[in-house]
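Reading through the structure tokens given below for one structure.
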Amino acid sequence: MISLSATRLKHFISLWRSGLFIVTLHSSYAFHTTPSSTGIHSITSSRSPSLPSLHEVQSHHSSTSFPALRSYNIISSSTRTCTSTSSTFLLQSSGEAAVAELDDERRANLFQSMLRDLQIENVPLLGCDAREVETMNAALWTTMSELSEIDDGQKVCMIMEDIPIDALKAFATDYGNLMTQTRLMDQLPELQRISVSLLGNGVGPALIIETTDRTAEEMAEKTTRSAVEETLDEFRCTAALKSFVDRIVVGLEACPYTKTPDLSATGLEARGVDPGPVGYRFSKSSDACAAVASFWTSVCELLSVPETEISTTLLSLPAIGPGCNEEAHDRFAAVVELISRNLCLFRGDAVVGLVHFHPFYQRNLIHPVDKPAFGHLPPQSWLRSMLRHNGNEEAAKTLTDEDLDMSNYQRRSPHTMINILRVSQLNAAVGAKSIVDLELEDGTTEKASGITLYSRNAIRLAEEGKDKLQEAVDKEVNMSLGKG
């Protein structure tokens with residue numbers, strides 16, 4: 001996990017303004033400082049030999065890294081002279097069309113001019129050598145997380161020379177779109193004071209991340225939200241989560257390839273997948289940016305080691321939507337949707353799969369209600385059709401809506417948790433025939449997968465009954481909180 005605290009970041013920004021230090025981010029995501037006469041921060045993300053760079057992925061089509069981002073050409077940097085501030089202003093105000101008309105040399109000169117203007121404004125320049133989707137996002141969201149913790153307004157410039165400008169543009173554009181979506185932003189208030197934009201409309205590979213001063217209302221929101229953090233204990237939370245895995249995933253065989261809480265992918269050896277340990281990871285932060293940063297850090301770790309070292313990761317986020325009520329569930333749903341959309345933005349769903357959990361998990365409260373949602377159970381309105389398709393005609397007829405509602409308990413963990421899976425293992429487990437045409441109750445047809453597993457789980461959970469299931473959830477929630 002990234003070890004740079006908000007206090008340390010604020011200290012480094014102060015040091016930056018006196019030109020004393022650079023900051024280095026290594027692949028372990030721990031920040032270090034060394035003296036510098038230039039005053040320019042450098043964030044390096046030295047990658048594991050098993051993690052190919054974007055250009056290597058393009059050449060070799062590796063299955064263990066994200067799809068390659070498009071390469072770009074921009075003249076680097078150190079030998080170019082800076083142009084005037086007036087040219088920089090004209091570029092900032094003239095839009096992307098003007099940038100597209102510039103040749104490489106002109107773009108490089110203007111980029112350097114803008115960086116110098118930022119230096120004059122005492123804006124820290126953070127250079128990051130990330131080359132993959134996962135390291136790029138880990139660096140960006142971690143920086144946003146640390147800035148989010150600081151109550152005073154801040155501004156930094158992240159320079160990523162090895163990341164295509166189109167990828168940085170996609171990140172900034174999607175973040176801007178998120179800001180306009182009231183349904184999500186109502187549940188993500190800490191993001192409202194953070195803005196992300198391309199430097200100079202994309203004249204160079206850099207993003208500006210800026211926060212405003214926290215208002216009194218925002219201070220109150222942070223205080224209320226973060227109060228739970230001091231009550232959380234990693235050992236307790238992990239023990240409660242293992243109890244859930246043992247009870248539901250192993251005991252009721254919600255996943256037939258998990259035989260113990262500590263070992264995953266059992267029984268797939270004939271399909272080329274070796275069993276491996278389950279990685280339990282934990283973040284006590286209540287901040288949405290911190291949750292996304294923890295997610296991407298976990299992805300980086302998972303993809304940097306073979307499946308025999310970490311088969312799958314269970315990321316506990318107990319301060320995200322704590323509680324067993326609809327308000328807590330709404331917060332959980334918004335944060336995991338933010339994570340899912342950020343992953344899918346860069347086609348990361350081709351590499352890792354997600355499974356979302358919460359103690360109040362209710363599929364009918366997940367957007368969209370009647371369509372698939374990444375990382376969630378299939379729509380509850382599909383369950384009878386899935387049972388019929390699987391040959392469980394009697395269950396489809398006799399199970400009540402209340403019985404089918406028990407299906408939600410396969411996702412009711414003691415706290416918010418995300419299972420990060422390798423898609424290669426999912427493909428080995430379900431095979432190409434998993435996706436079928438499913439005829440729904442209203443006569444329409446939808447693509448659906450995992451029908452056999454979801455049908456079996458729905459029947460078994462209905463047989464368990466609500467009282468028994470809820471009693472177990474309450475016990476594990478209390479275990480997580482140290483109350484039992």
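Every number here is computed from the coordinates shown, using simple stated rules; none is lab data. Worth saying up front: this structure is predicted, and the values here are computed from it rather than measured. Please note: Cβ atoms are built from the backbone with ideal geometry, for glycine as well, and neighbour counts cover all protein chains shown.
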* **Label point distance in nm, residue 271-residue 309, each placed 7 Å from Cα along Cα→Cβ** => 2.5 nm
* **Fully extended contour minus Cα-Cα distance, from residue 116 to residue 210, at 0.36 nm per residue** => 32.1 nm
* Structure fact -> Once both label points are put 7 Å beyond Cα along the C-beta direction, the residue 185-residue 447 separation in nm becomes 3.2 nm
* **Two-site FRET efficiency, residue 220 against residue 371, from Cβ-Cβ distance with R₀ of 56 Å, rounded to 0.05** => 0.95
* To do: Take every DSSP beta bridge with both residues inside region 221-353 and express the antiparallel ones as a percent of the total, to the nearest 5.
  => 40 percent
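Based on the Cβ-Cβ distance of residue 341 and residue 105, what FRET efficiency does E = 1/(1 + (r/R0)^6) give at R0 = 51 Å, to the nearest 0.05?
Efficiency for this residue pair is about 0.85.
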* Lys/Arg Cβ at +1, Asp/Glu Cβ at -1, dipole of region 229-309 taken about the Cα centre: which of 244, 276, 293 is farthest positive-ward? -> 244
* Structure fact -> Flagged as over-length at 24 Å C-alpha distance, from 242/284; 155/284; 397/475; 222/284, the pairs are 155/284; 397/475
* Theoretical gain in end-to-end length, residue 464 to residue 231 [0.36 nm per residue, Cα-Cα removed] -> 80.7 nm
* To do: Among the trypsin sites (Lys or Arg not before Pro) in region 225-260, which ones are in a DSSP loop with at most 16 other Cβ atoms within 10 Å of the Cβ? Mind listing them?
  => 259
* Say each of residue 471 and residue 150 gets a label point 7 Å from the Cα, pointing the same way as Cα to Cβ; how far apart are those two points in nm? -> 5.3 nm
* **Order by protection proxy (mean Cβ within 10 Å, highest first), peptides 367-374, 441-448** => 367-374, 441-448
